[in-house]
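The values are calculated or read from the model by the stated rules, or taken from the named source; none is laboratory data. Just so we're clear, the structure is a prediction, and the values are computed from it rather than from any experiment. Here the Cβ is made from the backbone with ideal geometry for all residues, glycine too, and neighbour counts use every protein chain on show.
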Ligand code: SF4
């Protein structure tokens with residue numbers, strides 16, 4: 001691979017990062033957003049000197065052939081890295097399914113890699129107009145909306161996931177979920193926010209069973225985690 005992929009970490013076996021398949025997750029360095037609830041702050045900036053060598057990752061994947069079916073590129077924001085396409089091509093040669101976790105920050109780059117991807121987990125962080133309240137970055141919602149529309153149009157299988165943070169407003173959450181259902185999103189996961197000690201900080205929306213039932217009817221698959 002000519003460009004250098006900056007890898008922040010690897011999980012060599014998980015059951016939860018690619019639905020229905022055992023997978024290896026590769027966490028890439030770098031994210032230009034600054035979400036108030038980010039659990040991967042150590043991956044937000046890039047540190048080439050601390051990157052795991054790509055050859056080591058490929059060697060690890062060789063030991064996983066026949067044991068796991070999928071490799072997921074996560075982050076940080078994997079689409080931020082110029083070397084991602086080459087890395088995906090290396091992994092595809094090994095016959096793994098390819099998963100991608102993305103914030104939706106880079107619609108053009110998403111369009112470029114989608115033909116290589118089997119499944120995507122994409123964040124929907126809040127009402128698109130209110131994204132900066134979560135990400136700290138102006139216009140982040142516009143990029144996310146574009147990415148979601150691209151993904152819907154592509155036909156690639158995906159799940160939209162929302163972390164429900166304590167400051168988020170229930171009607172804004174409901175509005176955006178109904179908006180993405182109307183756009184054509186079929187699978188949604190609402191994720192309870194966990195603090196840095198992994199304690200659940202449960203938003204009041206999770207106690208509103210009537211509202212959750214109403215929202216769930218908008219989707220073919222609706223999960224709470
Ligand atoms: S987009 Fe993801 S990695 Fe980036 S700051 Fe937000 S939660 Fe963290």
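For residue 39, only one of the following conditions fails: (1) in contact with a helix residue (DSSP H, G or I) (Cβ under 9 Å, 6 or more places away or on another chain); (2) within 10 Å of the ligand (Cβ to nearest atom). What is its number?
With respect to (1) in contact with a helix residue (DSSP H, G or I) (Cβ under 9 Å, 6 or more places away or on another chain); (2) within 10 Å of the ligand (Cβ to nearest atom), residue 39 is out only on (1).
State all residues of the stretch 92-112 that are buried (at least 22 other Cβ atoms within 10 Å of the Cβ) and either in a helix (DSSP H, G or I) or on the phi > 0 side of the Ramachandran plot (or both); if no residue qualifies, say none.
104, 110
Could we say that residue 103 is out of contact with any strand residue (DSSP E or B) (no Cβ under 6 Å at 6 or more places or on another chain) and either within 12 Å of the ligand (Cβ to nearest atom) or modelled with pLDDT of 95 or more (or both) here?
no
Any residue at all in the stretch 81-90 that's out of contact with any strand residue (DSSP E or B) (no Cβ under 8 Å at 6 or more places or on another chain), outside any strand (DSSP E or B), in contact (Cβ under 8 Å) with a residue 40 or more places away in the chain and farther than 13 Å from residue 5 by Cα?
No, every residue in the stretch 81-90 fails to be out of contact with any strand residue (DSSP E or B) (no Cβ under 8 Å at 6 or more places or on another chain), outside any strand (DSSP E or B), in contact (Cβ under 8 Å) with a residue 40 or more places away in the chain and farther than 13 Å from residue 5 by Cα.
Yes/no matrix, rows are residues, columns are (1) surrounded by 14 or more Cβ atoms within 10 Å (Cβ to Cβ); (2) modelled with pLDDT of 95 or more; (3) more than 15 Å from the ligand (Cβ to nearest atom); (4) part of a strand (DSSP E or B):
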position	(1), (2), (3), (4)
3	no, no, yes, no
8	yes, yes, no, yes
19	yes, yes, yes, no
35	yes, yes, no, no
62	no, yes, yes, no
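Residues that are out of contact with any helix residue (DSSP H, G or I) (no Cβ under 8 Å at 6 or more places or on another chain), closer than 22 Å to residue 112 by Cα and more than 14 Å from the ligand (Cβ to nearest atom): does the stretch 156-166 have at least one?
yes
Of (1) over 13 Å from the mean Cα position of the chain (by Cα); (2) farther than 12 Å from residue 7 by Cβ; (3) more than 13 Å from the ligand (Cβ to nearest atom); (4) touching a residue at least 12 places away in the same chain (Cβ under 8 Å), residue 66 satisfies all except one. Which?
Result: residue 66 passes all but (4).
When you go through 225, 194 one by one, which is the residue that is exposed (fewer than 13 other Cβ atoms within 10 Å of the Cβ), touching a strand residue (DSSP E or B) at 6+ places or on another chain (Cβ under 8 Å) and farther than 14 Å from residue 128 by Cβ?
None of the others qualify; the one that does is 225.
Working only within the stretch 42-60, note down all residues that are away from the ligand (no atom under 12 Å from the Cβ), touching a residue at least 12 places away in the same chain (Cβ under 8 Å), closer than 26 Å to residue 196 by Cβ and loosely packed, with under 14 Cβ neighbours inside 10 Å.
Matches in the stretch 42-60: 47, 50.
Kindly evaluate residue 71 against the criterion of being within 16 Å of the ligand (Cβ to nearest atom) and assigned to a strand (DSSP E or B).
Criteria not met by residue 71.
Since residue 171 meets every condition but one in (1) surrounded by fewer than 14 Cβ atoms within 10 Å (Cβ to Cβ); (2) assigned to a helix (DSSP H, G or I); (3) touching a strand residue (DSSP E or B) at 6+ places or on another chain (Cβ under 9 Å), which condition does it not meet?
All conditions are met except number (3).
Which residue is nearest to the chain's Cα centre (by Cα), if the candidates are limited to the stretch 116-141 and must be surrounded by 15 or more Cβ atoms within 10 Å (Cβ to Cβ) and more than 15 Å from the ligand (Cβ to nearest atom)?
119
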